[in-house]
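Engineer: Below: one structure in structure tokens.
The values are calculated or read from the model by the stated rules, or taken from the named source; none is laboratory data. Source: prediction; values computed, not measured. Cβ placement follows ideal geometry from the backbone for every residue including glycine, while neighbour counts extend to all protein chains displayed. The protein model used for the area step is the full one, side chains on, heavy atoms only, and it has no ligands, DNA or RNA in it. Shrake-Rupley method; radii C 1.70, N 1.55, O 1.52, S 1.80 Å.
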Amino acid sequence: MKRLLTLMTAMLMTLALAAQKPMVLGDNHAMLRLEQGKKFILLPIEEKAENASVRVIDKNNQCLRKPNIRLAVDNVDYYVPLEIKDGQLLDIIFHADRRQTGNVKDFACWKELKYSDTFDTTNRERFRPAYHHAPEYGWMNDPNGMFYLPTADGGEWHLCYQWNPYGSLWENMTWGHAVSDDLVHWKHLPAAIEPDAVGTIFSGSCVVDKNNTSGYGRNAIIAFYTSAAENQTQSMAYSTDGGRTFIKYEKNPVITSDSPDFRDPHLFWHEETSKWIMILAVGQEMHIYSSANLKDWAFESAFGREYGNHDGVWECPDLMRLPVRGTGQQKWMLICNINPGGPFGGNATQYFVGQFDGHRFVCESRTEVTKWMDYGKDHYATVTFDNAPDQRHVAIVWMSNWQYANQVPTKQFRSINALPRDLDLFVDGSETYCGVTPSREVDALRGARQKKLSDACELVVDVKGSMQLTLQNTKGEQVIMSYDQQKQTFAMDRTQSGEVTFSEAFPVVTVAPTHGQLKQLRIFIDHCAIEVFDAEGRMSMTNLVFPSEAYSIMKVKGGKATIYSINH
């Protein structure tokens, strides 16, 4: 009885708090004074609503932030938390047509908003992955600011990402932040870098300043990111507590340009010239800068105007030196993510192999040659961790496509990251290609053999000539994967994989060259994700699927498949 009374009291308090009325100032303008006593106000979100412009004002009448939020007009899809500070005021401008939405005072958001000391991030969606990184809530796109930092008890991987903390559609770009000691289990931290007067926070990178070149101390973490406002500029922040908190540089922006597409700085230390190198995406080419102190930058060169695919804007670059298998040689690889222009529509990751002397990158292939890192439809914004151990180059990939990323059938969160993968190079014929292998940390996920498929498992397929593998559920939804030994191609057909009608661009067959005979495949299944790797690292394919129930039936022709559980 006592517990029942406590629950009833809590419910009545929530209802009373939710009944708070706004100050309506006009047809599209309202203010709301936040009540004290709770940690959060839970804002009701309706995705079909127009964005409302919200100013969060403190007790000294200073604007703390200006997010755009789809506050509920008719119905509530989900809630997002806003932390309450003393005396805060929300100043809200609604942009929808009043003739269609009705009176501001009658909007659902006023009736449904709640105050709470907690925000429940428990999984409420069947497509949330079991062992892939995803935000606790809200929208996510490009991985950003990734670095590894040795610690007394091992080491810590830091993963930042483009994040909207006010809804599950793209908006309010902020650096979300997660850390891991094993690259597969992630702990979510408070936002690393939030929007400011210079702009919202677009993509970028972090480096570990081992030699204190910046003056912020040995092993300070230096972040570079694009500030996006009327124009795009490059800004800096630094951390002296191992990447837990960042302080913005007082002289931001650091680098400016008159180009409308000027973004996504990626940095690394170049030993031969004792300089930091920054590579930036500028329209449809990459610009290279150098610096000795991370504050004063000199333009070195541009690359790419005549090379590769130019069907979209170039974004999210990376530049690294990699070993070439079996040769004892090393070459440089420049990653160039492009949107649109991918081989199956929308975004994809292309790359170029050549040499870099600290000033210029020179591609060894002909100008018309285009090389794709992955032949799935959901592989984008590929970038690597700074300071990875053992001179490894470990990449994280945003697993989605801009053609439908805002429409995929989830709401509590949108987007996941693909599994971490190690990069190297291999030779096939007269060309050098990027090798992609699941990072060794992923091996620890493999559990015991099991007889049946599950919604989170790994398949190891020993291939014997041409092969076809079908994953199916009791509703007839299926994914068909096939290997043509003669043509040396691997294909995945997801046209009947489950929910596909949310976008005409989603049902597709993706096809990859295998660069030789396939002997074994590793296939990772995780609720909404299927990732396929050639065990020798010469082919990868990354695709989303949204089955209405888990695939439970497997048929194999031309091979033998072993199913392993996942330890997560």
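Engineer: How high is the relative contact order of segment 480-568, in percent, with contacts defined as C-alpha pairs under 8 Å that are six or more residues apart?
Structural biologist: The value is 21 percent.
Engineer: Can you give me the solvent accessible area of MET23 with a 1.4 Å probe, rounded to the nearest 10 Å²?
Structural biologist: 90
Engineer: Right, something else. How large is the charge dipole for segment 202-269, taken about the Cα centre, if only the Cβ atoms of Lys, Arg (+1) and Asp, Glu (-1) carry charge, to the nearest 20 debye?
Structural biologist: That gives segment 202-269 a dipole magnitude of about 340 debye.
Engineer: Going Cα to Cα from LYS210, which lysines come in below 30 Å? Please leave out same-chain ones fewer than 8 positions away.
Structural biologist: Candidates past the 8-residue exclusion: LYS187, LYS248, LYS251, LYS275, LYS295, LYS331.
Engineer: Still on this structure, please answer the following. log₁₀ I(q)/I(0) of the chain at q = 0.08 Å⁻¹, via Debye over equal Cα point scatterers, no solvent, to two decimals?
Structural biologist: -0.57
Engineer: Shape verdict for segment 267-363, please, from the Cα gyration tensor: rounded (a/c under 1.5), prolate (a/b greater than b/c) or oblate. Kindly include the intermediate steps, with their values, before the conclusion.
Structural biologist: Details: a/c = 2.32, a/b = 1.29, b/c = 1.80.
Here segment 267-363 falls in the oblate category.
Engineer: Here's another thing I want to ask about it. Please give the charge dipole size of the chain, origin at the Cα centre, charges +1 on K and R Cβ atoms and -1 on D and E Cβ atoms. Round to the nearest 20 debye.
Structural biologist: Using only the charged Cβ atoms, the result is roughly 1440 debye.
Engineer: Provide the net charge surrounding GLY342, with neighbours chosen by a C-beta distance below 13 Å and charges set as Lys +1, Arg +1, Asp -1, Glu -1.
Structural biologist: -2
Engineer: Give the cross-link partners of LYS464 among the lysines, using a straight C-alpha distance below 20 Å as the criterion and excluding same-chain residues fewer than 8 apart.
Structural biologist: Output for LYS464: LYS487, LYS519, LYS555, LYS557, LYS560.
Engineer: Compute, for SER53, the solvent-accessible surface of its heavy atoms (probe 1.4 Å) with the complete set of protein chains present, and express it in square angstrom to the nearest 10.
Structural biologist: The accessible area of SER53 comes to roughly 40 Å².
Engineer: What ³J(HN,Hα) values, in whole Hz, does the Karplus curve 6.51 cos²θ - 1.76 cosθ + 1.60 give for segment 535-543 when θ = phi - 60°, with x put for Gly and Pro?
Structural biologist: 3J(HN,Hα) across segment 535-543, in whole Hz: 4, 8, x, 9, 7, 9, 9, 10, 9.
Engineer: Per residue, how big is the convex hull of segment 18-104 when only Cα atoms are used? Give it in Å³. Please report the intermediate quantities before stating the final value.
Structural biologist: Values: hull volume 8.1 nm³, N = 87.
Given the Cα convex hull of segment 18-104, per-residue volume reads 93 Å³.
Engineer: May I ask you to give the solvent-accessible area per residue for segment 324-375, in square angstrom, as obtained with a 1.4 angstrom probe?
Structural biologist: For segment 324-375, the per-residue accessible area is 38 Å².
Engineer: Give LYS48/LYS411; LYS85/LYS411; LYS59/LYS105 a once-over and call out the pairs whose C-alpha atoms are over 20 Å from each other.
Structural biologist: Values: LYS48/LYS411 12 Å; LYS85/LYS411 27 Å; LYS59/LYS105 24 Å.
From the list (LYS48/LYS411; LYS85/LYS411; LYS59/LYS105), the Cα-Cα distance tops 20 Å for LYS85/LYS411; LYS59/LYS105.
Engineer: Sticking with this one: Between the helical axis of 2-18 and the dominant principal axis of the chain, each derived from Cα atoms, what acute angle in degrees is found, rounded to the nearest 10?
Structural biologist: So the inclination is approximately 90 degrees.
Engineer: When only the heavy atoms of the protein chains count and the probe is 1.4 Å, how do ASP462, ASP378, ASP311 rank by accessible area, highest first?
Structural biologist: The ranking, largest first, comes out as ASP311, ASP462, ASP378.
Engineer: Same structure again: Counting pairs of alpha carbon atoms under 8 Å apart in space and at least six apart in sequence, what relative contact order in percent does the chain give?
Structural biologist: Relative CO of the chain lands at 10 percent.
Engineer: Moving on to the next point. Convex hull over the alpha-carbon atoms of segment 410-555: what's its volume per residue in Å³? Don't jump to the answer; show the numbers that get you there.
Structural biologist: On the way: hull volume 18.9 nm³, N = 146.
Normalising the Cα hull of segment 410-555 by residue number yields 129 Å³.
Engineer: Of the options ASN339, GLN407, VAL313, report the single residue whose Cα projects farthest towards the positive end of the charge dipole of segment 264-417 (beta-carbon charges: Lys, Arg +1; Asp, Glu -1).
Structural biologist: Of ASN339, GLN407, VAL313, it is GLN407.
Engineer: Whole-Å semi-axes of segment 75-131's equivalent ellipsoid, largest first, each the root of 5 times a Cα gyration tensor eigenvalue?
Structural biologist: After diagonalising the Cα gyration tensor, the semi-axes are 27, 19, 10 Å.
Engineer: In segment 139-234, which trypsin sites (Lys or Arg not before Pro) fall in coil by DSSP and have 16 or fewer other Cβ atoms within 10 Å?
Structural biologist: LYS210, ARG218
Engineer: Let me ask you something else. Can you sort SER565, SER430 by solvent-accessible area, 1.4 Å probe, largest first?
Structural biologist: Largest accessible area first, the list is SER430, SER565.
Engineer: Let me ask you something else. Filter the trypsin sites (Lys or Arg not before Pro) in segment 325-413 down to the DSSP loop ones having no more than 10 other Cβ atoms within 10 Å, then list what survives.
Structural biologist: Values: sites: ARG325, LYS331, ARG360, ARG366, LYS371, LYS377, ARG392, LYS411; in loops: ARG325, ARG360, ARG366, LYS377, ARG392, LYS411.
Answer by residue number: ARG366.
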